[in-house]
Amino acid sequence: MSVFNVAELLLLATVWGGSFLFMRIAAPVLGPVWLIELRVLIAGLTLLPILVRLDLWREVRRHWRSLLVVGGINSALPFSLLAFASVSLPAGFTAILNATAPLFGTIVAFLWLKEQLTPTRIIGFILGFLGVIILIGWKLVELTPAFVVASLAGLLAAFAYGIAAPYIKQKLAGVPSLAITVGSQLGAALLLLPALPFTIPSKPITLSIWIAVQSLALLSTALAYLLYFRLIRTIGSTKALTVTYLIPVFAMVWGLLFLNEPITSSMILGCGLILLGTAIANDLFAKGGFNA
């Protein structure tokens, strides 16, 4: 894994970590469905002229079926499930469920793509997941039917991510990340269209809401998916999914900088375990694992 790959992984975690801040601002006003629709549609349309100018639209037409599948299982479905889960789950619990994506991805990649599953990599995944739990904080909750259904929705979202990454690695190998990003985001927007008439926002949309939506679409979606799909192609689906561990770390940093949220000792310990586990899972401590 090169220094450039590590930098890309950290940048991806940074912009995806910011998505929690943007969604916290916009979701109460727009609702999850309209927010997600605007998120993927603006991201896809913003990059579309660049795609056409680079003569990559033919790639979208050639692989439109696979891109529609990716738009569904990597954006429309998990975004909607996580939005649904966040309504009933305690704060932070959704992030823990989302952090199971690398674990699901490891199993799927092992069974589907025959990616090597070493004991060291398993240890890295476990440490990273424990770090997320410590960072967010594990609290006892009442096992109500609503909690169980919401938790299953969150786990299904993580499982969808775990399937999507190997699917992209196999079905869209060699396809430019720009084509995958534009095609999948426009596909996700198309799949969400039928739900829009039933979830029309009733609250006024202010300038700060639109700024949050634009930031979510351009930074946490357009830029993020360009980086993510490129990482899947260069370092593999299993390693790329470890970004899910890093996202809560940067979400915590954004919360400190913009919302004055405090940093506790458990957060520091959790961050340390996350960084250590991610490094081990990506073979950075292995001989020749970190190169220029």
Inset, instruction - State which residue pairs qualify: first residue closer than 10 Å to A179 by Cβ and inside segment 57-77, second residue among the β-branched types (V, I, T) and surrounded by 15 or more Cβ atoms within 10 Å (Cβ to Cβ) in any location, beta carbons under 8 Å apart, and separation of 6 or more residues or different chains. - result: E59/V175; V60/V182; H63/V175; L67/V60; L67/I180
Inset, instruction - Quick one: G44 ticks every box in (1) out of contact with any helix residue (DSSP H, G or I) (no Cβ under 6 Å at 6 or more places or on another chain); (2) under 30 Å from T278 (Cβ atoms) except a single one, so which number is it? - result: (1)
Legend entry - Given (1) farther than 25 Å from V253 by Cα; (2) of a type in the set (A, V, I, L, M); (3) under 19 Å from the mean Cα position of the chain (by Cα), index of the condition L111 fails: (3)
Inset, instruction - Test A109 against the stated conditions and say whether it is aliphatic (A, V, I, L, M), modelled with pLDDT of 80 or more and surrounded by 18 or more Cβ atoms within 10 Å (Cβ to Cβ). - result: no
Inset, instruction - Among the residues of segment 150-177, write down those that are at pLDDT 90 or above, among the small types (G, A, S) and surrounded by fewer than 20 Cβ atoms within 10 Å (Cβ to Cβ). - result: S177
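Could you tell me which residue of segment 114-146 is farthest from F104 (Cα to Cα), considering only residues that are at pLDDT 70 or above and among the small types (G, A, S)?
A146
The values are calculated or read from the model by the stated rules, or taken from the named source; none is laboratory data. Note that the structure is a prediction, hence the values are computed from the model and not measured. Positions of Cβ are generated from backbone atoms using ideal geometry, with glycine treated the same way; all protein chains shown enter the neighbour counts.
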